[in-house]
Each structure stands twice: as C-alpha cells, then as structure tokens.
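Laboratory data are not the source of any read-out in this text; all were calculated from the coordinates shown. The model shown is predicted, which means the values in this text are computed figures rather than measured ones. So basically every Cβ, Gly included, is an ideal-geometry build from the backbone, and we count neighbours across all protein chains shown.
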Amino acid sequence: MTNKKHLPNIFLTLLSISLLFACDSSNDINSAAGGRGGTQNGFLSLGITDAPIDDAAEVWVQFDGIVLKPLTALEPITLSFDTPMSIDLLALQGPKSAQMLINETLPADSYEWLRLMVTASADGVQDSYIKLKDESIHELNIPSGSESGLKIIGGLEVIANTPTSMTIDFDLRKSITLTGSGKYELSPVLKLVNNAETGSLLGTVEPLAVIGPTCSDTDPSTGNVIYLYDGFDVIPDDIDNNDPEPVASAFVSLNDATGDYEYSFGFIPFGDYTAAFTCQADLDDLTSDDMIIFTGAQNITLTNTTSSVNISR
C-alpha cells in the first residue's frame, strides 16, 4: 500500500526534475542557435574599397542601405541606413576601406546576393558625382541604379556565432565612362572578397620608368599605374572587356619623404599573379582596344598578409 504521506514529496521532486530539464533544454537551444528562438546567427562586418581612376580628384557615391538574400529564406533582408552614407571612393585606395556594416547580426546562411542601394541619377542633385582635377563637378548616373541598386552575386557566407569580415572592391577604373553627350555614367564593376583570405601588395617603381620616352606625357604624376592580372606569365593588355583583363590596378605616386615612386594594392585574394607597369594608363579607353605599352612584368605569389615587390623597366 502506498504511503499517502509521501505523495507531496514525490510530486515536488518530479516537478523539480522537469523544470531542471526544461531549463537545460532551453539553454542548449539558445546556445546552439545564437539566442534567436531557433534561428542561428552570425555577425557581418562589410567594408568597401576602390581601384583608382585618372583625371578624377573625388568620386562620391551615396549609399542608402544594403539588401541581402539568404539562400534558405523566401524574402531578402533590408538594412536601411538611418542617414545616407556618402563615400568618396577615390580616397579608398590600396589597403584603405570604409566600413558600411560593423558586426551586424544576420541569420547564419549562404547568401545568394547582396545589393547596395544607391542614389545616383542625372536629376540636378549632387548626391553621387565625380569631381575632376580641373575642379569641375559632374553628376554620376547609374542606369536604373536608384531602383535596382548595385548587385553582387554569391560569395557571402555568414557562419553561426562567428564574426565574418568582407570587403566590396569597387573598381572605378573599369566603372566610369564619359558618354558622347558629355555625361558621366557609372556602370559598377564590383567583387566581394573575404578579408581573412586576402593580403596587401606594395612596392616601388624605378624612377626612370615614370618619365620614359614611351610615356603619355612628361608629367611623372599622370598615367603611371600597375595592372595586376590573375595567373603567371600573362601578357599584359589594356582594359577593353576582352581577356586578359586586369583584376586590379594601383596608382604609382611619389613619396615626398623617401623620394620613391610607390604603389600599393589592398584586399587581393591569395594566389598567383602577373604585375605590369604602364605610364600610359591615362590613354586606356574602356570602350576600345588601345595599344598600351607595358614594362617590367613580374610573376608574384601572394601568400602573406603583406608582400613587397619592386618593379623595374
């Protein structure tokens, strides 16, 4: 026969065990899921950097937000900036970048695409514009850009409970064209790189190379650029939408403190490359095949955070 005097004690013990299990289960779910009710989360930091363009002193683009499409979700995620972010892309050369997102909490997933929302249209408002070295200012127009944004397909994965740092490489040299009507159009060439898998490449160029007889002019501050190509032993060519196309470019400029002509690349994925110098980059028209002369081509393997390579004629 059961002793009824012990029933309350047994009931309280079972209740305590049940509550303990419930607490433990809840903690396990939150721990595994990043504390978001069963949805795992990670943290994304997103920066933007630039490759240079001749004749420009400033290139301002107004960004209004970022839209991201997780692979396993039906709807994209929209991150609207409280205040539009205006960035002078030309100031972000080499290893420099501007942060657009810092440790933003996002669902852990592979992302089909991300889209930069911009305001850039020929409407008489200087939201996105280019300022030339002669001080003239011209609006930048992105065809359908304000409606559809600037889209990058793939390349982004957010890992649960882990910070991920990515950078958008905005190649201005390939992106800005002057139309026959005298207007500047921005047809962005963008790529997304993982900061953990990239490095910087820097070095000097022989002084005689920047004022040689084949240069576009006698001004050592114009037209001097290093083009970087994917793979070894690439025969360098201009930018004309035909292979081989450079994957990046960098100005060569005088360091007044050292007297050296220096260049620097940032956010270059680890791998094998061919680097070549030209002092005719200001003659490189994106819409045509130009007979640009290159010198000092070198094979480079980038495996460290920073590599140094000096270029001679």
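Structure data summary
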| item | result |
| --- | --- |
| Label-point gap, in nm, between ILE159 and SER308 - each point 7 angstrom along Cα→Cβ | 3.2 nm |
| Viscosity 1.567 mPa s, 4 °C: Kirkwood-radius Stokes-Einstein D of segment 98-251 over Cα pairs, µm²/s | 69 µm²/s |
| Label-reachable residues, segment 155-187, where backbone N falls under 17 Å from a point 7 Å from TRP113's Cα toward its Cβ | 155-157, 187 |
| Long-range amide H partners of ALA297 with built H, under 5 Å | PHE277 |
| Cα centroid of segment 249-263 to Cα centroid of segment 165-212, whole Å | 17 Å |
| As computed over the chain, the Cα convex hull volume per residue (Å³) | 198 Å³ |
| The chain, helix-only ellipticity at 222 nm - DSSP H runs n ≥ 4, -39,500 (n - 2.57), divided by all residues, nearest 500 | -3500 deg cm²/dmol |
| Calculated SAXS-style log₁₀ I(q)/I(0) at q = 0.09, 0.12, 0.24 Å⁻¹ - segment 199-308, Debye, Cα scatterers | -0.22, -0.39, -1.39 |
| Virtual spin-label span in nm between SER181 and ASP55, 7 Å along Cα→Cβ | 1.8 nm |
| Principal axis box of segment 41-188, alpha-carbon based, largest edge first, Å | 50, 31, 26 |
| Amide hydrogen neighbours beyond the local backbone of GLY149, cut-off 5 Å, H modeled | VAL118 |
| Overall dimensions of segment 247-313 by Cα: Rg and Dmax, Å | 13.3, 38 |
| Segments 126-134, 48-56 sorted - mean Cβ within 10 Å per residue, highest first | 48-56, 126-134 |
| Stretch gain in nm, segment ASP82-ASP233, where the contour uses 0.36 nm per residue and the Cα spacing is subtracted | 49.6 nm |
| Separation of the ALA122 and ASN242 label points, Cα + 7 Å toward Cβ, nm | 2.9 nm |
| Helix 7-33 vs. the chain, principal-axis angle (Cα, 0 to 90°, nearest 10) | 10 degrees |
| Distance violations [Cα-Cα > 18 Å] among LYS96/LYS151; LYS131/LYS151; LYS131/LYS191; LYS96/LYS191; LYS151/LYS174 | LYS96/LYS151; LYS131/LYS151; LYS131/LYS191 |
| If the convex hull is drawn through the Cα atoms of segment 85-133, its volume per residue in Å³ | 142 Å³ |
| Peptide ranges 60-68, 117-125 listed from the most packed, as the mean C-beta count within 10 angstrom indicates | 60-68, 117-125 |
| Selection of GluC sites (Glu not before Pro), segment 127-182, meeting DSSP coil and at most 12 other Cβ within 10 Å | GLU135 |
